[in-house]
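Colleague: Below are the structure tokens for one structure; questions will follow.
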Amino acid sequence: MLTQRSGFAGLLAIAGLALWLLLAGPSKLLGIDTGNAGMALLIGAAWISLYAIYRLPRGEVEKAVSPGEWKAWVGAAFMAITIAYFLAKAHVFQGPPIPHNPDATAVGRNLVMLLIAWAVLSGVMASRWKGEVEEDERDREIAVQAGGWGRGALVFCIVGIAVMLGFSPPEKLVWATHLMIANLLIFALMWGCLFEYAATAAYYWRDRR
């Protein structure tokens, strides 16, 4: 038990350091790109956590928490981190296009790495329930309801961007470069996904109460 608690505390410390490097740390530390270092630490902590979960015997907690809920909680966490990282680094997209903007290239690469890591982790998580029923009528109903929240958040974000661009005077839109607008559209997609994952997790949690 003590070993498990120590390991959990260690993973939390690594994840906290990774988030600090990604969101608030200096761009360089001892000559190392902190964005790349934070990304590597965060993905490493996620993999270790998932491996530990994968190795656990099927207990009462896993019987109560369905595969859909596991995916929703982890997906919401990954998407929240991705959005937080995007917002923390959004200023780099005000510069020239990506081929001539090394900072934007690095941020874009890290965002893609986060999304790829989540896709791979989702596949590994699904393998834990291989051969079992992963979805029933309740799961499909929750997916429909959560999908409505995701679509609503996406539409709200797109309309907000359109209104901001359409009604702001030109002198107030100096920051709105082509690169920034393109990334705002990507942000809208991530925002919709975050709401869908969060709503899914909330519906499962409500049903278990």
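Values in this text are rule-based calculations from the coordinates and carry no lab data. Quantities reported herein were computed from a predicted structural model and do not represent experimental measurements. Counting neighbours? That spans all protein chains shown, and the Cβs are built from the backbone with ideal geometry, glycine included.
Colleague: Among F93, C193, W70, which residue has its Cα furthest toward the positive end of the charge dipole of region 65-208, with +1 on Lys/Arg Cβ and -1 on Asp/Glu Cβ?
Modeller: Farthest towards the positive end: F93.
Colleague: Report relative contact order for region 65-208 in percent, whole number only (criteria: Cα-Cα under 8 Å, sequence separation at least 6). List each step's numbers first, then the result.
Modeller: Working: 106 pairs, mean separation 65.0, N = 144.
Once normalised by length, the contact order is 45 percent.
Colleague: Note down the net charge around A76, summing +1 for each Lys or Arg and -1 for each Asp or Glu among other residues with Cβ under 11 Å from its Cβ.
Modeller: My count for the surroundings of A76 gives -1.
Colleague: Could you estimate the translational diffusion coefficient of region 65-208 from the Stokes-Einstein equation, with Rh from the Kirkwood formula over C-alpha pairs, at 10 °C and 1.306 mPa s, in whole µm²/s? Could the numbers behind the result be given before it?
Modeller: Details: Rh = 16.9 Å.
Taking Rh from Cα pairs, D becomes 94 µm²/s.
Colleague: Also: In nm, what is the difference between 0.36 nm times the number of residues separating A182 and R208 and their Cα-Cα distance? Write out the running numbers ahead of the final one.
Modeller: Working: separation 26, 0.36 × 26 = 9.36 nm, distance 4.00 nm.
Difference between extended and current length: 5.4 nm.
Colleague: Output the peptides 173-180, 198-205 sorted from most to least packed, where packing is the average of other Cβ atoms within 10 Å over each peptide's residues.
Modeller: Highest mean packing first, the order is 198-205, 173-180.
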